[in-house]
Amino acid sequence: MDLFQKVAQLKKEKNAVILAHYYQDPDIQDVADFIGDSLELARAAQRSTADIILFAGVHFMAEGAKILNPSRKVILPDLRAGCSLSDSCPPERLAEFKKNNPDHFVISYINCSAAVKALSDVICTSSNALKIVERAPKDRPILFAPDRNLGRWVTEKTGRAMTLWPGSCIVHETFSERKMIDLKLKHPDAKIIAHPECEENILKISDFIGSTSQLLKFVSESPNQTFIVATEAGILHQMQKKASQKTLVPAPPNQNCACNECPFMKLNTLEKLVQALETESPEIFVPEAIRKAAQKSLALMLEWSA
Ligand code: 13P
Ligand code: SF4
């Protein structure tokens, strides 16, 4: 039996569901029951009735599933699948900021730990950040954590001044503006599309900015033929599937490396998925006090972005 059949058999046997992010390996995307951006995955986790949710993504996403659906067993194939953005905001430092700035309304990007979510007033994702910031109380200063690039872009779009936490994504800060301009000269009709976690200079030269799902929708629906794609390379798999006749050019990183692939996302493999389903581990646990507080900020996000 090959690995694909083994996953299918175990899913059935264990009444498990596989939720996968677009940055996962193509093989993993192909065995998933649901693929989405962070917001769609949070919603899918919340409504799941499966006994086991296997999260093919990174740690903060699996924690999010557990926070929203605590009666399910949530497993992550590799517990080391972290996130540089999440790591840039330790909860103790956020607690200290809040102590020194008690007037601030804290909006945290979903790429953060459960403990940081628990300290936040509301959560946002790249697909609803504009909406969430617009709903924030007008009479309070805002702290936006932990992605300074997304925060800067949201400020520009909404006109709402915010204190930005100095965090960033190692993958989205890798793209070379000079190489992208060279590519644009080679493909003058191409549209440059980027994730808002990219740096300001990349966003400035982009024709469309959005979450992974929004980028995918843009490519499928646009009358244009060629796209230079500035986000993690895993998204190209669904883009190619949904728009097979279009030309997709991955935005080049600064170095000649595979830095446009998230090393954390790529820790998950089909072999590890099989093992995780067989052993129903590694399991994600969130202490109840943290879970309850984090659920509040996540629930407010879901309410504001409904
Ligand atoms: P979205 O899929 O919500 O756009 O998030 C991208 C990301 O970096 C996930 O880690
Ligand atoms: Fe985190 Fe960046 Fe990887 Fe997304 S792509 S999981 S933000 S390190």
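Here is how the numbers come out for the structure above:
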| read-out | value |
| --- | --- |
| Given (1) polar (S, T, N, Q); (2) open to solvent by 10 Å² or more (accessible area, probe 1.4 Å); (3) within 14 Å of ligand 1 (Cβ to nearest atom), number of the condition Q46 does not satisfy | (3) |
| Sole residue being over 21 Å from K266 (Cβ atoms), among the charged types (D, E, K, R) and open to solvent by less than 40 Å² (accessible area, probe 1.4 Å), chosen from K98, K12, K73, K66 | K66 |
| Test: residue in region 282-304 that is surrounded by fewer than 19 Cβ atoms within 10 Å (Cβ to Cβ) and within 16 Å of the chain's Cα centre (by Cα) | yes |
| Candidates L248, L300 - the one that is touching a strand residue (DSSP E or B) at 6+ places or on another chain (Cβ under 9 Å) and either among the aromatic types (F, W, Y) or in contact (Cβ under 8 Å) with a residue 40 or more places away in the chain (or both) | L300 |
| Residue in region 227-242 that is touching a residue at least 40 places away in the same chain (Cβ under 8 Å) and of a type in the set (K, R) present | no |
| Set I123, I110: member being away from ligand 2 (no atom under 14 Å from the Cβ), open to solvent by less than 50 Å² (accessible area, probe 1.4 Å) and within 16 Å of the chain's Cα centre (by Cα) | I123 |
| Flag if G82 is of a type outside the set (F, W, Y), within 12 Å of ligand 1 (Cβ to nearest atom) and under 23 Å from L216 (Cα atoms) | no |
| Options Q240, Q245, Q275, Q225: the member that is away from ligand 1 (no atom under 16 Å from the Cβ) and in contact with a Ser or Thr (Cβ under 7 Å, 6 or more places away or on another chain) | Q225 |
| The lone exception for A276 - which of (1) small (G, A, S); (2) open to solvent by 50 Å² or more (accessible area, probe 1.4 Å); (3) more than 17 Å from G64 (Cα to Cα) it fails | (2) |
| Filter result (in contact with an Asp or Glu (Cβ under 8 Å, 6 or more places away or on another chain) and surrounded by fewer than 24 Cβ atoms within 10 Å (Cβ to Cβ)) within region 137-148 | R140, P141 |
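The values are calculated or read from the model by the stated rules, or taken from the named source; none is laboratory data. From a predicted model like this one, the values you see are computed outputs, not experimental measurements. Positions of Cβ are backbone-derived with ideal geometry, glycine not excepted, and every protein chain shown enters the neighbour counts. These area figures cover heavy atoms from the full protein model, side chains too; ligands, DNA and RNA do not enter into them. Shrake-Rupley method; radii C 1.70, N 1.55, O 1.52, S 1.80 Å.
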